[in-house]
Each structure stands twice: as structure tokens, then as C-alpha cells.
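Encoded as C-alpha cells, the structure appears first; notes follow it.
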Amino acid sequence: MAAGPNDLAGVDPDALRVLRRAGLERQDLAQRLARFEFQSLRRELSSASVFDLQVDVATRKADPVPEQAEPEMSMPAELLAGLPQLPVPLGRIAWTKRPEDLQVAGILIDVEGDDAALSSALLSLLTEHHRNPFARIVFLCRTLDPVHVLGRYGFLCHQVGRADPANIGALMQRRYGMKQIRSLDSGHKLWSALD
């Protein structure tokens, strides 16, 4: 049974004030941390070598990215239907009281070969996300270039190769409850759960 306003009669008012103050301080600290993380991201995206990741794991030529990077795309939908949806974080550059109330949206990163254009597009999107969180974002990346940067700031990323947005959307709807996929480059809607 939920506690009503009259059920608090025996609670110490000083304890309630301390709890309220602690809640407000926590909220203030979370907002300041989000500002700090955003400033760090902005500096990083302004760097000329932001997407350079020097990892030497082998001397052989890298295998091509598979057309269908997500193994679940080849599984029957009924096999995956009973699985619970996974939580999607807001990212550490933004703050809102109830992030779980925001819809899950996919952003397809299809900008290849031009780090400056990719940095600019990400900075524009993430600046808006920092100012006014509009969704819990899952970044769908054609290449692995932006994954290490976005992952450091608490965003989910999936490398999806050349997979069709409709196929990605169907999978991500089951996995995360995703409602739509938009292009980072143009902002156009590529897929919607309502279509």
C-alpha cells in the first residue's frame, strides 16, 4: 500500500529536510557532471585526430566488414520475441530527471572518409542532445571509426555494416524498443516502427 501524506506524521522533519537537500544536491551534481562531460566531448570532437585509433592487432590485411554485422538479423523473429528489451542509457553529456520516459531512437552514421564532416555532424546533434535531451540514442555505425569516441561518453553503438535500415530497425525495435532511425548526415527518417 502506498504511503499517503498523513502517513508521514511520525517521520522526523529534520530527516526529511536532509533527504530533500541530498536529492537536490545529487540533481545539481548530475547536471554539472553532464556539462563537464559535454565540454570534454566538444574539445575532443574539435581535435583533428579524434577518430584515429592506433591499434595494431595483426599484420595481415583486415577482413571486410560483413553485410550483416548483427547475428540476430539472421535469426527467426519468434525465437527472439520472448527476450526482454535492454535498457538504453541517455549518455553522460545529458541529464534529465526521468530518462526512461524518453523514446529510443537510432542515429545511422553513414559519413565515411571525412573526419571533419563527421565531427561537425556529431557535435551539432550532441549539442542539441546536451541542451535538451530528446531521446535515448543508439548510434548505428557503418564503420567502427566513431565507436570509441561515443562509447567513452556512455552512448550505445552498434556496427551495422551495410545492412538495410529497415532490417536494423526491426532488430533494434525488439532489442531496445527503438521507435525510429534517422540519418546523422541529413536528419531524414530512414525507418519508423509506425510504418
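For a quick check of your reading of the model, give me the residue pairs whose first member lies in the range 97-121 and is farther than 19 Å from Ala193 by Cβ, whose second is buried (at least 19 other Cβ atoms within 10 Å of the Cβ) and of a type in the set (Asp, Glu), with beta-carbon atoms closer than 8 Å and at least 6 apart or on different chains.
That search, which allows pairs on different chains as well, returns Asp115/Asp145; Leu118/Asp145.
Name every residue in the range 153-174 that is open to solvent by 40 Å² or more (accessible area, probe 1.4 Å) and without any contact (Cβ under 8 Å) to a residue 60 or more places away in the chain, in order of residue number.
Asp164, Ala166, Gln173
Given Pro89, Pro13, which one is modelled with pLDDT of 75 or more and more than 23 Å from the chain's Cα centre (by Cα)?
The conditions single out Pro13.
Counting only residues that are in contact with a helix residue (DSSP H, G or I) (Cβ under 9 Å, 6 or more places away or on another chain) and not β-branched (Val, Ile, Thr), which one in the range 175-186 is surrounded by the fewest Cβ atoms within 10 Å (Cβ to Cβ)?
Asp185
Say we look at the range 34-66 and pick out the residues that are charged (D, E, K, R) and modelled with pLDDT of 85 or more; which of these is surrounded by the most Cβ atoms within 10 Å (Cβ to Cβ)?
Top of the filtered list is Glu37.
The values are calculated or read from the model by the stated rules, or taken from the named source; none is laboratory data. None of these values were measured; they are calculated from a predicted model. Here the Cβ is made from the backbone with ideal geometry for all residues, glycine too, and neighbour counts use every protein chain on show. SASA here: full protein model, heavy atoms, side chains in, ligands and nucleic acids out. Shrake-Rupley method; radii C 1.70, N 1.55, O 1.52, S 1.80 Å.
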